[in-house]
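One structure is given below, encoded as structure tokens.
The values are calculated or read from the model by the stated rules, or taken from the named source; none is laboratory data. Note that the structure is predicted; figures quoted are calculated from it, not measured. Note: ideal-geometry Cβ built from the backbone for every residue, glycine included; neighbour counts use all protein chains shown. When the accessible area is computed, the model is the full protein with side chains, heavy atoms only, and any ligands, DNA or RNA have been set aside. Shrake-Rupley method; radii C 1.70, N 1.55, O 1.52, S 1.80 Å.
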Amino acid sequence: MAKAWEIENFLSERNNQLFIDGVSAVKLAEEYGTPLFVFSESRIKHNIARLQKTETVIDAKLKVCYAAKANSLMAILRTVKDANCDLEVNSGGELWKALKVGFAGEQLIFNGTSKEVWELELAINSDIYAIQVDSLSELSLIEETARRLDKTANVSLRLVPEIETKTHSGLQTALLTSKFGMMPDEALAAFHKYKESKHLDICGVHLHIGSQNPESAPYSDALRALFENLETIFKETGIKLKHLNLGGGFPVNYLRDNSHDSDFPQAQRDMFSADFEPSDAISQAWQEVKKAAAASDASELLKDITLLIEPGRSVIADAGICLTTVRNVKNRPVQQSENSGRWSVFSGQNKNDALEMPQIKTDHRSLTTDYWLLTDAGFNLLLSMETYKWYYHLISAERANEEANFPYKVAGPLCDGGDVYFDIEGEGRLPDYRLLPASVKPNEILALLNCGAYSIAQMFQYNGRFLPCVVLTKENGKVELIRKRDAFEDLVNNDKW
Ligand SMILES: *Cc1c(COP(=O)(O)O)cnc(C)c1O
């Protein structure tokens, strides 16, 4: 029977091993060493095509701009470009990388809260599609910079329309309490002020409601908010916007294998297992806005409009797998506490989840020993496992067909007590134990799934650990090394001593 984590034409079990695009994960680990990130070219292209098909369900042009911050390895950017996908960047550094890879200016949009003059100059000189403006102060800096360069900057204003989604608080971005964007009335003032400017073409409005949004309804609210702004701007200034940018945040189902379902508080589980078709959400939002436009006799304003989306996670998360080796094991007697037994970790959950106590598998309860596995992949590679308590499903890459029913405490290699695969703060936001086949021993290769987004984009050399090797499985069956593992010198490259 197929395993719940299997994905047709991508992830499978063969000869008891994990196969990625028809290549044995164990062989890859042997050849390249671990920790090793494996990316699938065909999965990236599949994910982009899934988003691009949205154009067939709306009657507007669609511009899909992959959010580079999710993963901006050069070969990943190249793969995105080869899939005819445009790009959203967040800094002059990402912009430089995009230009190096060969993206044309018109394929690029540039976000960020704290842009510097040199970054604006690079963006303006590259004639990018839009600089997304975070404040009125920044807008005046862009105007000044464009005037000095005797150019016209294409800009789009980022709004904070007060749209809340049920994602992690660190991933909420369209609230007045978040650090992003400007108020709709500020945006309107900007259109008035720069209407006649030769150096600014304010051609769109933008918002981004957050990441891993478990429900599709906020996209309707968001598009409606964008349209209301477009309408007001036209009425008050006569300016007809060329684009609306709905942002990213389309979810990835991190719990496709649901063997840990009962370990999560409900809200956490709903977020991690979110799974809707972005094209359905956008189509629904589009229909609603069309109706609203017709009702207020404003359909003309939607004609020739381009809709932008900025997906990051939904392009790259499930296309990346992190292979890690068990480097150390140990057994510990289970700590019994007086009142709540060994499950005391769950008693400190969010009060909101009080009614949703996770069900503990009874077979865990009978354990008197904790079996610890110490891997070579820690939060130096998967920072969000520590900061956001992000869940990455763990399987054995060399015993992929065996029943994963034995509970382990799993931790990474860092000399830091927070480098664990469970929620050390005791809020129950991650399972306490990971399920793998019995008798895992040192040197067994494990695989963390859905690791492609916000992982190696955030990696660092804490504890003098080498940044990892990354390979890409190609559609032609070959495996391409796309990032070599750090060598000793890389640990000190920029140091002076
Ligand atoms: C991070 C970010 C995205 C991508 O979000 P995902 O959840 O990865 O799709 C898109 N737009 C902006 C402005 C962002 O900051």
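Summary of values
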item: Region 128-186 and region 6-77: distance between their alpha carbon centers, rounded to Å; result: 31
item: Net lengthening on full extension, Phe466/Glu288 (0.36 nm per residue, minus Cα-Cα); result: 59.1 nm
item: Dipole magnitude of the chain, debye to nearest 20 (Cβ charges: Lys/Arg +1, Asp/Glu -1, about Cα centre); result: 720
item: Quotient of Cα Rg and 2.2 N^0.38 Å for the chain, N being how many residues it contains; result: 1.03
item: Surface accessible to a 1.4 Å probe, per residue, for the residues of the chain, Å²; result: 42
item: Rounded accessible area of Phe460 (nearest 10 Å², 1.4 Å probe); result: 60
item: Portion, in percent, of the accessible area of the chain that falls on carbon or sulfur, probe 1.4 Å; result: 47
item: For the chain, Cys with no neighbouring Cys Cβ under 4.7 Å; result: Cys65, Cys85, Cys203, Cys415, Cys469
item: For region 397-437, projected area of the alpha-carbon convex hull averaged over all directions, nm²; result: 3.4
item: Calculated FRET efficiency for the pair Ala438/Leu99, C-beta based, R₀ 56 Å, to 0.05; result: 0.60
item: Label point distance in nm, Asp416-Asn493, each placed 7 Å from Cα along Cα→Cβ; result: 2.0
item: Gained length - Ser262 relative to Ala4, 0.36 nm times residue gap less alpha-carbon distance; result: 91.3 nm
item: Residue pairs, from the table Lys235/Lys303; Lys115/Lys193; Lys81/Lys115; Lys3/Lys27; Lys61/Lys474; Lys27/Lys100, whose Cα atoms sit over 26 Å apart; result: Lys61/Lys474; Lys27/Lys100
item: Principal axes of region 152-192: Cα extent on each, largest first, Å; result: 38, 20, 13
item: Length gained when the stretch Glu475-Glu30 is fully extended (0.36 nm per residue, less Cα-Cα span); result: 158.0 nm
item: Rg/Rg_ref, region 41-315, where Rg_ref = 2.2 N^0.38 Å and atoms are Cα; result: 0.98
item: Under 5 Å, built H, 5+ apart or other chain: amide partners of Leu414; result: Phe379
item: Projected area averaged over orientations for region 405-497, convex hull of C-alpha atoms, nm²; result: 9.2
item: Euclidean distance of C-alpha centroids, region 459-497 and region 300-329, integer Å; result: 22
item: For region 237-279 and region 98-114, distance of Cα centres in Å; result: 25
